[in-house]
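Notes to accompany the following structure.
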Amino acid sequence: MLSFVAVLRPDRLAVALVALVFFASAAEAQSDRWKDRIRELAAAHKGKVAVAVSHPSSKETFFLNEKEVMPTASLIKLAVMVEAYRQADAGRIDLKKLATLKEEDKVPGSGILTQHFSAGTQLSVRDSVRLMMAYSDNTGTNLVLDAIGIPATAKAMEELGYPETKIHSKVYRRDLSVFPERSVKYGLGSTTAADMVSILERLLKGELANEESTKAMIAHLRSNPDKETFSKHLPATAKYGYKGGAVDRIRTAAGFIDVEGGPLLVAVLTAENTDQSWTLENSAQNLIARITKEAFDRFSRPSNPGRPGSAQLAELKVGAGGPLVETLQRTLNDRLPKEKATAVDGDFGPSTEAAVIAFQKMKSLPETGVVNQDTWKALGRLVTDRMMVTEVAKLDMSLPEKTPLDPLDGAPFVTCKAWAIGDAKSGELIAGGNADQPLPMASTTKMMTAYIVLREAAKNPSVLDEMMDISERADRTPGSTADIRAGERISVGELLYGLMLPSGNDAATAYAEHFGARFKGPADEPEAADPVVRFVAEMNRTAEQLGMAGTRFADPHGLSSDGHHARARDLVMLAKALIDDGQILKYVETRKHAGKLEGASGYTRYELWKNTNRLLDTEGYLGMKTGTTTPAGACLVAIGERDGRKRIVVVLGSTSSDARYTDSRNLFRFAWTNKGGQKVTVGGE
């Protein structure tokens, strides 16, 4: 190259140099586009975002607000795990030591111990760590903290150079906080995106613990079964490990992905998110997934996999791993007889070596089990994850017959699993789609909670002035919240705003505790000691009285999924009963309300409650109740009035929060234009 440039004329040399600089700059710009896409994703997100991406082997990084201290939610459990194994290495704790689970150890939220294990169960510290990391088990986390001490994690992180990475208290035990001010500001824990990536890098290098403990921690990270956040858009064969965290306004994740040349490290922290839904389409969860995929795409692609024999194709042998190994395994399976096939898992082990030797023997190559350039050349065109067939003739090109033209009349097309339109005056079902299919209904459950409270108030109006004492149980109820605190007091009437506007699960529990003793328990336990059990029994009796034949309640707020369901038709009946009661519209049509709470020490404070029902921003809609959980999808029961006609619309299982409002508005439009009252049924009515 130097001898060629030397014979160029000066003017041509200048042109060549300019061209060289241009193409170098263009290549660099091309390689940085993934960073621009991440910046665009973060800028479009409604909430705070911090990102750190590192590929240590190439020394390429991306940072965005990486040093800003952010709340972690359950992501901080990663640091707790590190400290547990450091203490085990130092001989301060025994990971095999058994702890006995007590009833008072159980806390709500994520995990399996509280719901599925009885008091008296014995678990080792190691098993508690696994539950903490695989299922984000809150009770298991607290058992680990009992073993290592709450302050120990923060102290260890500070010694390691991460002073902003701290767990502040036990989960759902803020009263035990060792950092009270940070607890108020950040919740369970705090960290930075840069800290998370650095901790992961040092963990993978074995710098935080001995070899055995390092392998155990990596296994814990790989055990996370969640596929809807960090790994949502990764290929099914991708190998990774991560820890995430989620509460209403906070969604976080940090982890590693096995790619060519060594692990890729990604941390995405979000806070103050506008979208607080618990569906698979939550915007912060999707942001984490998309940023992770952008980083993965940048570092995961094999070098020129379509050009066998290229010098860029690496020599592969036992111990190799990653996307290029997966491509090799697919290609071998395509070339060899079925009985010689190997697993497509991205790990070059004995099975893959045997397949390579079989292929080399078939092609009269040296049977080394090592994929060198001669073997790559013999393999020919490679089979990637996007090209599983190498001959067009093998592709199934048949097409199904087209369905008939879409009708121009009838009910609108919707995303929800079931819907119903009812006349608010008569309660008659005007139209429906799968309206008789029992489905999870999420927080629309709270309509029945409110109905029972208002029914008691109709008998005795002074009920609304009764003061309720908020318990620890109510305060700890997970999910959407009215932000009422243990030890505070609030009137029955006032808390109805906290129940129906922000959809407070804590408010629903408080009502069940306050009113439950006034009712009998279920038929098999009429004198149940737990007032919540009695209240839920009354919910089911009331549903039966109202004719809600497909409804069963398991709790007062809608968090349950098993055995907790309703038909869309049933919710029309319940909405009609609430309208007839005459008290509910005062609450559900309110868009904002300042709730007054009194503290045990004599203070008074106000909590701003905002209605989650976005239809209230449009004239003609009178409100009722939203509901969202992963099993239920996005749900809505809404009341609308136009030209003197009042209608009830129910949607269950819409595909996203936005979709529920589109579905509902389309159904209301159909209801208003269906002036003849023509009945329409769709899907098994």
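Things to note:
- Near pairs, Cβ below 7 angstrom, 6+ apart or cross-chain, from region 387-414 (at pLDDT 85 or above) to any residue that is of a type in the set (D, E, K, R): VAL414/ASP663
- Just so you know, in region 486-496 the residues that are part of a helix (DSSP H, G or I) and in contact with a helix residue (DSSP H, G or I) (Cβ under 6 Å, 6 or more places away or on another chain) include one that is farthest from ARG174 (Cα to Cα), and it is GLY493.
- Residue within region 175-196 that is in contact with a helix residue (DSSP H, G or I) (Cβ under 9 Å, 6 or more places away or on another chain), among the polar types (S, T, N, Q), in the same structural domain as VAL80 (by TED's automatic domain parsing) and without any contact (Cβ under 8 Å) to a residue 12 or more places away in the chain present: yes
- Members of region 39-95 that are part of a helix (DSSP H, G or I), among the polar types (S, T, N, Q) and within 18 Å of THR292 (Cα to Cα): none
- All conditions but one from (1) in the same structural domain as ILE490 (by TED's automatic domain parsing); (2) loosely packed, with under 15 Cβ neighbours inside 10 Å; (3) at pLDDT 95 or above apply to ASP562; the one that does not is (3).
- For region 544-565, the criterion of being in contact (Cβ under 8 Å) with a residue 40 or more places away in the chain and part of a helix (DSSP H, G or I) is met by no residue.
- Selected residue (criterion: surrounded by the fewest Cβ atoms within 10 Å (Cβ to Cβ)) from residues of region 427-471 that are over 15 Å from CYS635 (Cα atoms) and among the hydroxyl-bearing types (Ser, Thr, Tyr): SER462
- Test result for ASP226, over 10 Å from the mean Cα position of the chain (by Cα) and within 24 Å of ASN273 (Cα to Cα): no
- Sole residue being assigned by TED's automatic domain parsing to the domain that holds LEU429, in contact (Cβ under 8 Å) with a residue 24 or more places away in the chain and surrounded by fewer than 20 Cβ atoms within 10 Å (Cβ to Cβ), chosen from THR590, THR612: THR590
- Within region 357-379, being assigned to a loop (DSSP other than H, G, I, E, B) and either aromatic (Phe, Trp, Tyr) or touching a helix residue (DSSP H, G or I) at 6+ places or on another chain (Cβ under 8 Å) (or both) holds for LYS363, LEU365, PRO366, GLU367, THR368, GLY369, VAL370.
- So ARG126, is it in a helix (DSSP H, G or I) and modelled with pLDDT of 95 or more: yes
- ALA42 being over 19 Å from the mean Cα position of the chain (by Cα) and hydrophobic (A, V, I, L, M, F, W, C): no
- The single condition among (1) outside the structural domain of ALA267 (by TED's automatic domain parsing); (2) crowded, with 18+ Cβ neighbours inside 10 Å that PHE230 does not satisfy is (1).
- Tally, over region 70-88, of residues that are under 18 Å from ALA52 (Cβ atoms) and not hydroxyl-bearing (Ser, Thr, Tyr): 8
- Across region 582-608, the number of residues qualifying as assigned to a helix (DSSP H, G or I) and modelled with pLDDT under 90 comes to 0.
- Remark: TYR135 falls outside the filter, which requires a residue to be crowded, with 21+ Cβ neighbours inside 10 Å, in contact (Cβ under 8 Å) with a residue 60 or more places away in the chain and among the hydroxyl-bearing types (Ser, Thr, Tyr).
- Restricting the first member to region 202-218 and to residues that are free of Cβ contacts under 8 Å to residues at least 60 places away in the same chain, and the second to residues that are surrounded by 14 or more Cβ atoms within 10 Å (Cβ to Cβ) and part of a helix (DSSP H, G or I), the beta-carbon pairs closer than 6 Å and six or more apart or on different chains are GLY206/THR214.
- Failed item, numbered, when SER177 is tested on (1) under 27 Å from PRO56 (Cβ atoms); (2) surrounded by fewer than 18 Cβ atoms within 10 Å (Cβ to Cβ); (3) more than 25 Å from the chain's Cα centre (by Cα): (1)
- You will find that of SER491, SER480, the residue that is buried (at least 20 other Cβ atoms within 10 Å of the Cβ), closer than 24 Å to GLU607 by Cβ and not aliphatic (A, V, I, L, M) is SER480 and no other.
- Among the conditions (1) charged (D, E, K, R); (2) modelled with pLDDT of 90 or more; (3) within 24 Å of PRO263 (Cα to Cα), the only one that ARG33 does not satisfy is (2).
- All conditions in (1) over 32 Å from the mean Cα position of the chain (by Cα); (2) closer than 21 Å to ILE470 by Cβ; (3) not in a loop (DSSP other than H, G, I, E, B) hold for MET539, with the sole exception of (1).
The values are calculated or read from the model by the stated rules, or taken from the named source; none is laboratory data. Note that the structure is a prediction, hence the values are computed from the model and not measured. A quick note on method: Cβ atoms are made from the backbone with ideal geometry, for glycine too, and the neighbour counts reach across all protein chains shown.
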